[in-house]
Amino acid sequence: MEQYEPDRPSPAPSPARPSPVRGTALTRRSLLRASVGGVFAAGGAGALGACGIPPAGDARGAAAADDRSAQERTVSFSNWTEYMDVDESETRHPTLEAFTRQTGVQVEYSEDINDNNEFFAKIKPQLAAGQDTGRDLVCVTDWLAARMIRLGWAQKLDPSNLPTAYANLSAQFRSPDWDPGRAYSYPWTAISTVIAYNKKALDGIEVRSVSDLLDNPRLKGRVGMLTEMRDTMGMALLDMGKDPGDFTDDDYDAALARLQKAVDRGQIRRFTGNDYTADLTSGDFAACLAWAGDVVQLKADSPEIDFVVPDSGYLTSTDNLLVPAHARHKTNAERLIDHYYQPAMAARLAAYINYVCPVDGVKEELAAIDPDAAADPLILPDRAMAERSRAFRSLSDEEETAYEAKFAKLTGA
């Protein structure tokens with residue numbers, strides 16, 4: 001097992017994972033809150049037959065903790081804010097309540113994750129000391145999930161408790177390089193990076209690639225890039241014909257230099273987090289890199305907003321469920337993961353949060369809740385779109401520190 005090294009330098013802070021757009025976009029979701037319907041009261045679909053999960057190569061997990069799931073019918077779940085379906089009152093979570101009805105397991109649900117680095121700093125001392133964090137299930141972005149697995153701070157999952165999850169996991173997400181065979185994690189949702197634009201602000205200018213953003217002088221000072229290193233650099237690498245899943249230091253530096261030239265010319269107005277939505281809606285950004293879940297909501301509110309997937313492809317990351325080392329209710333946590341791979345539950349969640357659903361077989365269920373969402377390739381990618389998706393490769397600790405530092409200098413962070 002990799003040892004905890006308290007003096008190891010930390011990478012530059014990474015911004016929070018994008019959160020769903022709020023404000024005027026709530027109109028559509030308010031309708032969804034009132035449409036819980038009988039399917040949730042009935043408890044959803046039954047579990048499928050057990051399937052084995054392929055071995056996870058040389059991934060190293062934590063030793064099994066004393067699992068008290070049978071004696072203590074509870075599970076503690078830490079998630080991001082506004083990343084769970086709610087009812088009309090905004091106080092209840094229908095899919096969590098359905099889990100309790102199906103299993104008798106009570107869920108202690110907390111929205112206490114606002115930033116990956118901040119959350120990791122909160123739980124790291126306990127994990128390093130071999131102590132229970134008080135959380136049985138956490139939802140973290142792929143690079144942090146990879147780090148926890150690498151450090152031995154995540155428990156290997158039991159396939160017998162995850163038959164539905166294994167059967168229904170979309171092929172696109174089955175075997176990331178940091179967790180081959182999904183032995184330690186399952187995706188909660190996926191976050192796609194595309195190009196969004198304001199048709200009125202573009203005024204006839206065609207935007208179909210990152211090159212268009214960086215090189216068209218008519219867009220000078222009206223282009224936005226993301227403060228998330230993997231998204232911006234991944235899209236820049238793709239535009240240069242490089243694979244974000246397999247690139248060298250020289251490739252990274254070449255993409256960085258290209259972005260630096262655009263910064264120096266004043267082509268890029270600014271680097272943003274989720275607040276790009278205001279710039280795009282106002283027209284301060286004619287076009288920008290954007291997260292697909294935001295674009296879905298923005299399009300619902302404004303006919304001027306649209307998106308394009310570059311011919312070179314687009315970047316997809318995942319937020320992932322995993323069981324921390326020494327968690328006391330591992331089996332209950334696994335059953336909760338499996339619950340969200342029932343199509344009825346996955347559809348309800350996807351209809352609310354509007355990010356890419358990693359569960360196969362949800363289209364019919366989602367169409368019954370929200371036909372527009374079911375037809376949206378940003379929520380349910382078709383085969384052609386899924387084939388254009390790429391993931392940013394795992395980084396060593398040294399690479400992450402170096403790459404983040406270079407990117408922070410570019411963005412002025």
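The values are calculated or read from the model by the stated rules, or taken from the named source; none is laboratory data. From a predicted model like this one, the values you see are computed outputs, not experimental measurements. Counting neighbours? That spans all protein chains shown, and the Cβs are built from the backbone with ideal geometry, glycine included. The accessibility values were calculated without ligands, DNA or RNA, using every heavy atom of the protein model including side chains. Shrake-Rupley method; radii C 1.70, N 1.55, O 1.52, S 1.80 Å.
Some notes on this structure:
- Cα-Cα over 24 Å, subset of K122/K406; K200/K220; K220/K261; K199/K409: K122/K406; K199/K409
- Only aspartates and glutamates eight or more places from K330 in sequence, or on another chain, were considered; those with a Cα closer than 16 Å are D66, D67, E72, E108, D132, D136, D158, D338.
- An ellipsoid equivalent to region 304-413, defined through the eigenvalues of its Cα gyration tensor, has semi-axes of 29, 25, 12 Å when rounded to whole angstrom and sorted largest first.
- Charged-residue dipole, Cβ positions (Lys, Arg, Asp, Glu), region 227-273 about Cα centre, Debye nearest 20: 440
- Shown for region 249-381: the carbon plus sulfur share of the solvent-accessible area, taken with all protein chains present and a 1.4 angstrom probe, equals 48%.
- Value in Å of the Kirkwood radius, where region 274-360 supplies the Cα pairs that are averaged: 15.8
- Extent of region 167-228 along its three principal axes (Cα atoms, max minus min coordinate, largest first): 49, 20, 16 Å.
- Cα Rg over Rh - region 350-395, Kirkwood: 1.04
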